[in-house]
Amino acid sequence: MAERVGALPWHRSPQEKGPENLLEHLMLWLLVLTLPCLGGSVPVTSGTELVGIVGGHDAAGGAWPWQVGLWFFHPTSSKWILECGGSLIHPQWVLTAAHCIHGRNPETRHIKVQLGRLRPSYSDSVQVARIILHPKYSLEKGVLGGADVALLKLEAPVRPSNLIRWISLPPASLSFPPGTRCWVTGWGDIAPEEPLPPPKNLQEVEVPIVADEICRQQYLRINKVIQDYELCAGSEGRDSCQIDSGGPLVCQWRGTWVQVGVVSWGHKCGLRNFPGVYVRVTSFLPWIHHHIHSSP
């Protein structure tokens, strides 16, 4: 098990690569090098393990205007580091994963939110005014303890633009059948322990929703339990990975995008029969709406 957050001691261990896998990766890189000729807006598909978010490609400006990056200040090194993603769900609120927030008493001055940018940039990020972890989230148990969601209130509402806009939340009754093609975005690793290379453009990848029961059976093989408030999405070589934590899984519904999941955890990245595990947004709608609409 590994949370999909960066700069923490529970990174996934690198996958063992034999000669066949190395050949696949070489062939894949040759394919990626041809992408500028083919047009960057077309998803890459292949039967092999792919590169990207994992398996994704560069997102275009304004394609995912709700995507945010979370920057955390580390007092020991006096550095700001991009460690997680998130989504703008309201002019003044960001939804992310609880495991992205460090410590029992996190300080708002140590978290900033990057908005409307394709590449990591701390310089014009927005200050956080309030941090709300779900009350059922346990620091000791982490993601496997459940309720891996958090809300961040920004110091001031943001103005919508071509590059900044909030994502719609789904109706409580909405669910998508297995096989539905949705999208996940982030600046995460392109493979276990392999960071996104410069210029670190936001990555996007299309992932299929995986049936709950199938995902449960797959993860039981490694003694991990998929809860009712979680959903699975992804396939071999198409997945979220480290540092994508907290980012949005979005699907199209009635002509608009809705956020159905929050990147939470998984077994390594992009492995066959181990899709990414996401917090199911519909399971936490009452809690989300309560804080957004009751906050002054």
Query raised in the report: Which pairs do you get when a residue that is at positive phi, found in the range 99-117, comes within reach of a residue that is surrounded by fewer than 17 Cβ atoms within 10 Å (Cβ to Cβ), reach meaning Cβ atoms under 7 angstrom, with the pair 6+ apart or on two chains?
Result: Gly116/Ser161; Gly116/Leu163
**Report entry** Failed item in (1) open to solvent by less than 40 Å² (accessible area, probe 1.4 Å); (2) among the β-branched types (Val, Ile, Thr); (3) out of contact with any helix residue (DSSP H, G or I) (no Cβ under 7 Å at 6 or more places or on another chain); (4) assigned to a loop (DSSP other than H, G, I, E, B), with Ile222 passing the rest
**Finding:** (1)
Report summary line: Residues of the range 179-207 being assigned to a strand (DSSP E or B), open to solvent by less than 40 Å² (accessible area, probe 1.4 Å) and in contact with a Lys or Arg (Cβ under 6 Å, 6 or more places away or on another chain), in sequence order, are Val205, Val207
Report task. For residues that are open to solvent by 10 Å² or more (accessible area, probe 1.4 Å), of a type in the set (Val, Ile, Thr) and either in contact (Cβ under 8 Å) with a residue 24 or more places away in the chain or within 24 Å of Gly266 (Cα to Cα) (or both), tally how many sit in the range 63-83. Result -> 1
Query raised in the report: Residues in the range 238-263 that are touching a helix residue (DSSP H, G or I) at 6+ places or on another chain (Cβ under 9 Å) and assigned to a loop (DSSP other than H, G, I, E, B): how many?
Result: 2
Requested in this report: Inspect all residues belonging to the range 203-216 and state whether any of them is among the small types (Gly, Ala, Ser) and in contact with a strand residue (DSSP E or B) (Cβ under 7 Å, 6 or more places away or on another chain).
Outcome: no
Report task. Could you grab me the full set of residues in the range 270-284 that are part of a helix (DSSP H, G or I) and buried (at least 24 other Cβ atoms within 10 Å of the Cβ)? Result -> Val281
Requested in this report: Output the residues belonging to the range 194-214 that are more than 25 Å from Arg117 (Cβ to Cβ) and touching a Pro at 6+ places or on another chain (Cβ under 6 Å).
Outcome: Ile209, Val210, Ala211
Query raised in the report: Among the residues of the range 27-37, is any at pLDDT below 50 and among the β-branched types (Val, Ile, Thr)?
Result: yes
Query raised in the report: Could you give every pair whose Cβ atoms fall below 8 Å, whose first residue belongs to the range 126-143 and is within 23 Å of Gly116 (Cα to Cα), and whose second residue is among the acidic types (Asp, Glu) and outside any strand (DSSP E or B), counting only separations of at least 6 or pairs across chains?
Result: Val126/Glu155; Gln127/Glu155; Val128/Glu155; Ala129/Glu155
**Report entry** Residue satisfying condition, being in contact with a Phe, Trp or Tyr (Cβ under 6 Å, 6 or more places away or on another chain) and open to solvent by 40 Å² or more (accessible area, probe 1.4 Å), within set His267, His293, His289
**Finding:** His267
Query raised in the report: Which residues, taken from the range 91-146, are open to solvent by less than 40 Å² (accessible area, probe 1.4 Å), among the small types (Gly, Ala, Ser) and farther than 28 Å from Tyr229 by Cα?
Result: Gly116, Ser121, Ser125
**Report entry** Whichever residue in the range 91-102 is not aromatic (Phe, Trp, Tyr) and not in a loop (DSSP other than H, G, I, E, B) and, among such residues, is nearest to Phe73 (Cα to Cα)
**Finding:** Cys100
Query raised in the report: Yes or no: Gly86 part of a strand (DSSP E or B) and either out of contact with any His (no Cβ under 7 Å at 6 or more places or on another chain) or surrounded by 15 or more Cβ atoms within 10 Å (Cβ to Cβ) (or both)?
Result: yes
Query raised in the report: Considering only residues of the range 120-175 that are acidic (Asp, Glu) and out of contact with any His (no Cβ under 9 Å at 6 or more places or on another chain), which is nearest to Gln259 (Cα to Cα)?
Result: Glu155
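The values are calculated or read from the model by the stated rules, or taken from the named source; none is laboratory data. Just so it is clear, the structure is predicted and the values come from calculations on it, not from any experiment. Cβ: placed from backbone, ideal geometry, glycine included. Neighbour counts: every protein chain shown. When the accessible area is computed, the model is the full protein with side chains, heavy atoms only, and any ligands, DNA or RNA have been set aside. Shrake-Rupley method; radii C 1.70, N 1.55, O 1.52, S 1.80 Å.
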